[in-house]
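First comes the structure, then the notes that go with it.
The values are calculated or read from the model by the stated rules, or taken from the named source; none is laboratory data. Just so it is clear, the structure is predicted and the values come from calculations on it, not from any experiment. Note that we place each Cβ from the backbone using ideal geometry, even for glycine, and neighbour counts take in every protein chain shown.
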Amino acid sequence: MKLGITINRPPRDGQMAFVRSPDLHSIELLQKGDAVPPQEPWSSMPNTGHW
């Protein structure tokens, strides 16, 4: 986030997140393998922006 990346949907489920790069490319990030246990700051971070 400090580098200008917008987190549209944080990885609350420990498996998937959607981000937007500073040059406005939308990227889906997927966790390989088992989900990571929910943790802060992700579990309470709201969705932002639109996609």
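Looking at the range 1-32 only, could you name the residues that are modelled with pLDDT of 90 or more and at positive phi?
Within the range 1-32, no residue meets the criteria.
Condition first: outside any loop (DSSP other than H, G, I, E, B) and either of a type outside the set (Gly, Ala, Ser) or more than 11 Å from Asp13 (Cα to Cα) (or both). Now tell me which residues in the range 30-43 satisfy that.
First pass over the range 30-43, keeping only residues outside any loop (DSSP other than H, G, I, E, B): 30, 42-43.
Once the filter is applied, which keeps residues that are outside any loop (DSSP other than H, G, I, E, B) and either of a type outside the set (Gly, Ala, Ser) or more than 11 Å from Asp13 (Cα to Cα) (or both), the range 30-43 yields Leu30, Trp42.
Tell me whether the range 7-14 contains one or more residues that are among the charged types (D, E, K, R) and over 13 Å from the mean Cα position of the chain (by Cα). Talk me through it step by step, then tell me what you get.
Taking the range 7-14 as the starting set, the residues that turn out to be among the charged types (D, E, K, R) are 9, 12-13.
Narrowing the set further to residues that are over 13 Å from the mean Cα position of the chain (by Cα) leaves none.
No, the range 7-14 contains no residue that is among the charged types (D, E, K, R) and over 13 Å from the mean Cα position of the chain (by Cα).
Find the residue count for the range 24-51, including only residues that are touching a residue at least 24 places away in the same chain (Cβ under 8 Å) and more than 18 Å from Met1 (Cβ to Cβ).
2
Which of the residues belonging to the range 1-25 are surrounded by 13 or more Cβ atoms within 10 Å (Cβ to Cβ) and hydroxyl-bearing (Ser, Thr, Tyr)? Break it down into steps so the answer makes sense when it comes.
Within the range 1-25, the subset surrounded by 13 or more Cβ atoms within 10 Å (Cβ to Cβ) is 6-20.
Residue satisfying the conditions is Thr6 alone.
Of the conditions (1) in a loop (DSSP other than H, G, I, E, B); (2) of a type outside the set (Ser, Thr, Tyr); (3) in contact (Cβ under 8 Å) with a residue 24 or more places away in the chain, Ile7 fails just one. Which one is it?
(1)
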